[in-house]
Each structure stands twice: as C-alpha cells, then as structure tokens.
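Asker: One structure coming up, written as structure tokens, with questions to follow.
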Amino acid sequence: MVPTPRASVLRRFVRCPVVAFAVAAVLAASGCRNPLRDQSDAELQGSLDSALVREAGPAATSGAFEAPEEASSVFESLRARRQQLDAMGPQAADAGIGLDVGPDLDGAPPREVVLTLQEAISSCVRNNLGVQQARLEEAMSQAEIVKAEAVFDTVLFANGGYRRSNIPQPTLTLGGGGGGFLLNPTADQKIWNLESGFEQRFATGTNLSVAARMQNQEFTDPQDRITPNPSYLNSVKLNLSQPLLRGFGTDVNLASLRVARNQDRRALQFMRRSLIEAVARTEAAYWQVYLVRTRLVSARWLLKVGEEVKAVLERRRGYDASLAQYADAVSKVEDRRAAVIRTERELQRSVNELKRLMNDPRLPVGGAETVVTVDVPVEQALRCSVGDSLATALAQNPDVAATLLTIDDASIGLDVADNGRLPQLDLQSSGALYGLESGFGDAWQTLGDNDWIEWAVGATFRQPIGNRAAEAEYRRARLARSRAVILYKTAVQSAVLGVRGALQDASASYRLIAQTRAQRLAAAENMRALALDEENIPQLTPEFLALKFLRQDGLAATEVAEAAALADYNVAIANLHAAMGTSLERNRIELKVVDAGPGE
C-alpha cells in the first residue's frame, strides 16, 4: 500500500500562496446572476400574465354553469300515457346480453363479453400501447438526469508504465590528461512509474485533480557517482483550473442538469397527456359501442315490423293492393335488411376500436368476441363554475405545463448563450511536493521533511474578434425563448377553447336529450294513434300501410337520436375533464412514478 502523506504535506501546499488563494476562491465561488436577467424575467412574467388575462380573463368572472334542460309541452300532455309510450318501438333493454350482432368470420355468432366503462378504462390505463410508450419515454428521461448528474462524479484515474532508453550523449572532458567526465551520465535509463488520483468537476466550473506519482529510476553510471541510484522519486500533485468569465457559475455548469430535469418533468406531463387522451378515447369508444348496439336494436325492430306490414300487403294482393305497392313494400323491407347488415358491420368496427384502445390480453383485436356494454349514460345535469374550470385547466392541463417547462429551457439556454459572449479567461494553478530517496517508504517520508516544492499559476485568455458566433447564438436563444412564449400562449388558448367547447357541447347535448325524448314520445303517440285507426278502419289500404312504414321509420330514428344525445353528453363531460387535465382523478387513477434503478 502507498503510505498516507502526513498532515505536513497539506501545510506545504498552503505555503504556496497562489495555490492556496485559488483553492479558497473556488470553494467560495457561486453562480453569479446577471442583473439584466431579473428584468428579463419580469418582462417574461408580464407577457405570460397578459396571455392568461386575455384568454381566460373574461370567463373568470362568469357565474356557475348548469346544463339547461329543454322544456317541452309534450311531457306534460303525454304524462298519463308515458309508460305506454315508452314501451312502444325499439327497446334499449334489448341491446344487452343476447342481442343478435350477426355472424363472425367463421359464420358463428361471436362470444359475448360483458364490459363496464370502468373496466374498459382500467384496461386501457394498464395495457394501452401509447401509454406504455409514454412510460418508457419518461423512464428514459430519468436516465438522462442521471447522465447529467454524472458529469460531477468523482473520476478515479491511474496510469503507469516502463521506459527504457539508451541514447548516445556528447561528453565533455574536464581537466588535463586523458581522463574524461560524462556531463550527462543518464543516457542509459530504466524508469518505472505509476500514477493514481482523482479528478473532480464542480458546479462553478472548477476542475480539480489530485494525484500521487511513484517513480522508480535507475541510471547506468560507470563511475558510480549518482546517488541514490537506484532511487524513488515520489510526488503528490494538485492541479486546479477555474473559468473566471465564460463558463463560470452554476447557471452555466448546471444548465444541462436543469434541462434534463425539465425534460423529465415534461415527459411526465406527456405521459399524463397520453393517459388522459387514452381515457377520453376509451370512454368515447365505449359510448360509441353503446350507441351502435342501440342502432342495431332499432334496425332489427324496423325489419321485424316491416316484414309484418309486407305480409299484410302480400295477403291483399288479390284485393286492393297493386303489384307496384307490394313491390314498394318488398323494397322497403330489403332496404331495412341491408341497414341491419351495415349496422352489424359498424358495430364490429366500434368493438374493434374499443379492443385496440384497451389492448386487453383477454380481448385481442383478432379475437371473435363482441362487447356488451352494461353501463348506461348518465343524465344528471352538469353544474360547474366556468372560471374554476378554466383555472383548473391552466393549472393541470399537461400541454400548458409542458410549454412552461419549454420556456424555462429557453431561459436556461439564454443564460448559457449570454455567458458564451464573454471572453474566455481561465485560471490555472498547480502545486507539487516531491520526495527522493533510495527506499520506497523513505521517499514518501521526505515529502514532509524537505522543501522540494513546485508551484505554478497562469491564465489563458481568448476572444474572437467580432465575437460573431457567440452573438448569433445569443440572438438564436432569444428567438427560441420568444418562440416558447408563443407555444405557451397557444397551449393556453387551446386549453381555454377545449374547456369552453366541451361545456358548449355538454349544454347542447343535454338540451338534445330532452328534445329528442320529447320527439320520441311524440312519434310514439303518433304510432299509438295510427294503431287506433288500424283497429277502427274497415280495411287496411296500401296508402295506410305505406304511412305505417313511415311512422315506424320516424319512431326508430327518434329512439336512435335520443341514445346519440345521451352518448354525446357523456362524451362531452369526458372531454371537459380531459381539457381540464382531471380525467385521471375523475376515474380514481393515481399516477405514481418510480425511479428506475440500475439494471431495471
């Protein structure tokens, strides 16, 4: 083992005044802040505040929002027959288990899988491929932080080698006679050396290295006048360099680490955005399956009642139904049969899209399963504060948060570019203690017993004439920050627009629920009246049966319109939470980020 130098070795270094001063200056140095930066930050904050006031200010004073219910006299006038009218036409209950959704590719009916909305969302959060990709990107950003921090890790180094040289040297004869003396008798040398130490970089830009060097040297001396020979020349060296202008301070040297941390935060926001978008798309796809199943119920009901009317016309062909009237009924029924097939195909597409978003191993996209939606859309009126909704969006929307980090990145880059305009003025200092003895341990001992000290101090100055590259980089950094501010304003505008659009969609959809329901009741009342006429008229004329076809179409269309309004209302609420950035909290999804350790 190498003997540890005594405390006197440190005192020898302190006796080197320039080295001591340099060390003290480095230990006391901290990142200097440009006073113009404070003014720039104030201007930036003012610009961001003005963007918030412009986009969200008018709505901040708005009162509570409540989805209005469309009033209709139909409900009051048909109150007594409401239960009877609800039982007419296609029934939403028929869209559950047992609905004939058509054959699969193998010709057999697909297996039914009952699915709740919460199960669909949970599967999406766990398995969605886009979400998995976002998780990997977030983990990669954590690795970038470690990489940026590792710049300041202590570096242990060691080097060693053997050198053998025998170079002819001129001689100088001293005195008379034939005697001579080799002025440089070290032409034949054998040198072993081993050096080890550590290097450390600091956040102020300082680079410090401390090394211990062990050298065994042997010289060929025919006259045996070199002592000690062989010998050990051991030393302890300290080298220090410190930028004084360009590259000085924590603002510059920690820039990469701060950017890496911002990238990690941005990746987290992107992961939140991926989760929020996936949840919103999954919910929309779930209600789309619900809607298409309702449409399929209506299409099959129309086919069923249409075949009944066609059968009546077929029986009356010998009386008062012409061939053209019967052919028209046949065409109508066949058109409804084609509508059933088209709706079955649309249901398959909707189920496939829901499977893709869920990415559930139990529901592969290539499987023959069909989804049975068992949840029904909510009809409760939405009540919220427009101002609070906008404030929540600006605080939690992932895109807004990500653009704020982009502004911070641009500000960091501006600091670095501003520092880069300064001249390069670096201080270098070094000091060394030496010990020379014939014994290995004795050579280390003499480090503290003799004044064999070497120290040096110097400075390096460089400045390009015109400094055009640095000035151009500074202009680019300023423009990059201006661009980041524009991106932030765009994100704020999009968030406000998303909230307002979702609220407007929810308001319109909620009004449509009542309106389409009133329309359905009116159409059912029309069908009821037509049924009474059918019981009282002496014969079913072709014109009456054609009118019956028309009334059936109207009732089925209103049934589908009501289901569409319900689905749209629920999708609008989901989009509102997505715009506010609260979809995860709404669905009780807790986002935990675990730092990936080595090898994970």
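Asker: Run the quick spin-label model on Gln91 and Phe198: label points 7 Å from Cα toward the beta carbon, then report their separation in nm to one decimal.
Answerer: Taking the two extended label points, one gets 8.1 nm.
Asker: Could you give me the ³J(HN,Hα) list for the stretch 393-407, computed from phi with Karplus coefficients 6.51, -1.76, 1.60 and θ = phi - 60°, whole Hz, x at Gly and Pro?
Answerer: 4, 5, 8, 10, 5, x, 5, 5, 4, 5, 5, 4, 5, 5, 4
Asker: Another question, if that's okay. Below 9 angstrom from the Cβ of Trp301, what's the summed charge of the other residues (Lys, Arg +1; Asp, Glu -1)?
Answerer: Values: positive: Arg300, Lys304; negative: Asp94, Glu559.
Local charge sum for Trp301: 0.
Asker: Identify all lysines with a Cα-Cα distance to Lys190 below 30 Å; exclude those on the same chain that are fewer than 8 residues away in sequence.
Answerer: Leaving aside lysines fewer than 8 places away in the same chain, those within reach of Lys190 are Lys237.
Asker: With r as the distance between the Cβ atoms of Ala368 and Glu471 and R0 = 45 Å, compute the FRET efficiency 1/(1 + (r/R0)^6) and round to 0.05.
Answerer: Values: r = 67 Å, r/R0 = 1.49.
Computed FRET efficiency for Glu471 and Ala368 comes out at 0.10.
Asker: Moving on to the next point. All other residues with a Cβ under 13 Å from the Cβ of Ser429 taken together, and with Lys, Arg as +1 and Asp, Glu as -1, what is their net charge?
Answerer: Neighbourhood net charge equals -1.
Asker: Please give every one of the lysines within straight-line cross-link reach of Lys310, meaning a C-alpha to C-alpha distance under 30 Å, and leave out same-chain neighbours fewer than 8 residues apart.
Answerer: Within reach: Lys332, Lys548.
Asker: Please work out, to two decimal places, the log10 of the ratio I(q)/I(0) at q = 0.14, 0.17, 0.18 Å⁻¹ from a Debye calculation in which every Cα of the stretch 418-534 carries one identical scatterer.
Answerer: Values, matching the q order: -0.89, -0.99, -1.03.
Asker: Hey, with R₀ at 41 Å, roughly what FRET efficiency would Val113 and Arg317 work out to, going by the Cβ-Cβ distance, to 0.05?
Answerer: Details: r = 46 Å, r/R0 = 1.13.
Here the calculated transfer efficiency is 0.35.
Asker: So what are the ³J(HN,Hα) numbers for the stretch 281-288, from phi and the Karplus equation (6.51, -1.76, 1.60; θ = phi - 60°), rounded to whole Hz, Gly and Pro as x?
Answerer: 5, 5, 5, 5, 5, 4, 6, 5
Asker: Expressed as a rounded percentage, what relative contact order does the stretch 220-367 have, with Cα pairs under 8 Å and six or more residues apart?
Answerer: Numbers: 59 pairs, mean separation 36.7, N = 148.
25 percent.
Asker: Still on this model: Go through 454-467, 562-575, 352-365 and give me the packing order, highest mean Cβ count within 10 Å leading.
Answerer: Listed from highest to lowest mean packing, they are 562-575, 352-365, 454-467.
Asker: Let me ask another. Can you check what the net charge comes to around Gln118, using other residues whose Cβ is under 15 Å from the Cβ of Gln118 (Lys, Arg +1; Asp, Glu -1)? Before the final figure, lay out each step's value.
Answerer: Numbers: positive: Arg126, Arg586, Arg588; negative: Glu119, Glu283, Asp360, Asp375, Glu585, Glu590.
Overall, the nearby charge balance is -3.
Every number in this text was worked out from the coordinates using simple rules, so none of it is lab data. All values reported here derive from a predicted model rather than from experimental measurement. All Cβ positions, even for glycine, are placed from backbone atoms using ideal geometry, and neighbour counts span all protein chains on display.
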